Amino acid sequence: MEKGYEVHGLIRRSSNFNTQRIEHIYVDPHNAHKARMKLHYADLSDASSLRRWLDTILPDEVYNLAAQSHVAVSFEIPDYTADVVATGALRLLEAVRSHISATGRSHIRYYQAGSSEMFGSTPPPQDETTPFHPRSPYAASKCAAHWYTVNYREAYGIFACNGILFNHESPRRGENFVTRKITRAVGRIKIGLQRKLFLGNLQASRDWGFAGDYVEAMWLMLQQEKPDDYVVATEESHTVEEFLEVAFGHVGLNWRDHVAIDKRYFRPTEVDNLKGDATKAKKVLGWKPRVGFEQLVKMMVDQDVELAKKEKVL
Ligand code: GDP
């Protein structure tokens with residue numbers, strides 16, 4: 001929206017409202033004539049809804065950021081995960097293809113949210129040429145979506161890009177991802193609302209970047225002359241334990257006094273070590289991350305301390 005775009009979000013129906021994280025930019029279309037963000041109900045499991053909204057909105061750029069995005073949960077609901085993450089991407093690509101052939105709008109551009117999870121157990125550093133070895137139903141489904149996107153580009157000449165983004169976080173991260181789970185707990189422990197935090201594998205290493213920086217890279221991919229695939233990463237890797245160290249340390253606490261291990265959070269197959277090589281994105285897109293690891297952790301902790309203070313008053 002800062003770039004002047006009109007943004008149409010396709011949202012999934014839920015019995016509770018699930019738009020809290022975009023409430024600050026949402027303008028009720030009844031009050032504001034010129035609301036630049038509009039929300040419509042659709043679902044990646046409903047092909048007709050995708051085609052109908054493409055034909056109605058007539059978008060220039062389509063970003064597929066939808067997923068059942070939790071790796072551990074994908075072991076519990078693998079079939080649903082594959083339907084949304086893999087076949088969902090195929091449905092959207094197919095909707096784009098048929099929309100183009102019906103309307104001639106061949107300038108439309110498509111972004112597919114790939115994931116560093118696709119590399120799985122292939123050792124780092126990982127770049128665009130690294131073989132995939134997915135380690136979860138989520139990761140295997142992302143691999144399928146990746147290859148569907150490549151195929152639609154090659155078969156039909158659609159401007160379609162895969163962004164292979166390493167973990168990207170922000171204060172808006174869902175609370176069951178390890179980063180936010182930790183910073184949320186740090187806030188609550190600091191304010192006296194909680195004493196213990198239960199986690200799984202502390203030795204896993206991730207290349208954690210700031211989501212705001214990564215969205216810029218997605219946009220840059222769609223502004224190039226030719227569609228292509230890019231790894232987006234900070235090129236720095238840290239263990240969950242290092243994350244704990246910085247997060248608790250930032251508010252003067254020692255994580256060892258508060259963290260306990262719960263075997264339920266271990267995964268049947270783990271991705272031990274992710275560290276990206278973003279040379280291509282840097283060279284071709286002129287992209288580089290602005291927010292470093294410590295800054296990211298502190299940003300998330302600061303927000304969650306404030307959130308815990310508000311919770312305490314309530
Ligand atoms: P992922 O990289 O997409 O799976 O992102 P997550 O934030 O869910 O997990 C990152 C790493 O943290 C994985 O290696 C997990 O096994 C590890 N981890 C350790 N404890 C936890 C936990 O309590 N919750 C989650 N979500 N991950 C944990």
_Could you check the stretch 118-145 and list, in sequence order, the residues that are of a type in the set (Lys, Arg) and either surrounded by fewer than 17 Cβ atoms within 10 Å (Cβ to Cβ) or in contact with a strand residue (DSSP E or B) (Cβ under 9 Å, 6 or more places away or on another chain) (or both)?_
Lys142
_Only listed residue being near the ligand (Cβ under 9 Å from one of its atoms), buried (at least 19 other Cβ atoms within 10 Å of the Cβ) and either more than 20 Å from Ser74 (Cβ to Cβ) or not basic (Lys, Arg) (or both), chosen from Leu202, Leu197_ = Leu197
*From Val62, Val96, which residue is aliphatic (A, V, I, L, M), crowded, with 20+ Cβ neighbours inside 10 Å and touching a residue at least 60 places away in the same chain (Cβ under 8 Å)?*
Val96
_Among the residues in the stretch 155-166, are any away from the ligand (no atom under 12 Å from the Cβ), assigned to a helix (DSSP H, G or I) and surrounded by fewer than 17 Cβ atoms within 10 Å (Cβ to Cβ)?_
yes
*Could you tell me whether the stretch 48-67 includes any residue that is closer than 26 Å to Lys226 by Cβ, among the charged types (D, E, K, R) and touching a strand residue (DSSP E or B) at 6+ places or on another chain (Cβ under 8 Å)?*
yes
_Among (1) under 19 Å from Arg12 (Cα atoms); (2) out of contact with any strand residue (DSSP E or B) (no Cβ under 7 Å at 6 or more places or on another chain); (3) aromatic (Phe, Trp, Tyr), there is one condition Phe75 misses while meeting the rest; what is its number?_
(1)
*Quick one: count up the residues across the stretch 1-47 that are of a type in the set (A, V, I, L, M) and part of a loop (DSSP other than H, G, I, E, B).*
6
*Looking at Tyr26, is it modelled with pLDDT of 95 or more and of a type in the set (Phe, Trp, Tyr)?*
no
*Report yes if Arg188 is in contact with a helix residue (DSSP H, G or I) (Cβ under 9 Å, 6 or more places away or on another chain), in a loop (DSSP other than H, G, I, E, B) and among the charged types (D, E, K, R), otherwise no.*
no
_Yes/no for Ser49 being under 21 Å from Arg173 (Cβ atoms) and not aliphatic (A, V, I, L, M)_ = no
*Can you tell which of Ala144, Ala113 is part of a strand (DSSP E or B) and either within 19 Å of the chain's Cα centre (by Cα) or among the hydrophobic types (A, V, I, L, M, F, W, C) (or both)?*
Ala113
_Report every pair of residues separated by at least 6 positions or lying on different chains whose Cβ atoms are under 6 Å apart, first residue within the stretch 238-252 and small (Gly, Ala, Ser), second not in a loop (DSSP other than H, G, I, E, B)._
Ala247/Ile182; Ala247/Thr183; Ala247/Val186; Ala247/Val297; Ala247/Val301
*Out of the residues in the stretch 99-110 that are among the β-branched types (Val, Ile, Thr) and assigned to a helix (DSSP H, G or I), which is surrounded by the fewest Cβ atoms within 10 Å (Cβ to Cβ)?*
Thr103
*Pairs, please: C-beta under 7 Å, at least 6 apart or cross-chain, first residue under 21 Å from Cys161 (Cβ atoms) and in the stretch 268-288, second within 16 Å of the ligand (Cβ to nearest atom) and basic (Lys, Arg)?*
Leu274/Arg206
*Hey, could you check the stretch 180-194 for residues that are buried (at least 22 other Cβ atoms within 10 Å of the Cβ) and within 11 Å of the ligand (Cβ to nearest atom) and say which is nearest to His238 (Cα to Cα)?*
Ile182
_Among the residues of the stretch 36-55, are any at pLDDT below 95, over 22 Å from the mean Cα position of the chain (by Cα) and over 29 Å from Glu117 (Cβ atoms)?_
yes
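The values are calculated or read from the model by the stated rules, or taken from the named source; none is laboratory data. Just so you know, these numbers come straight off a predicted model, no measurement behind them. Note: ideal-geometry Cβ built from the backbone for every residue, glycine included; neighbour counts use all protein chains shown.
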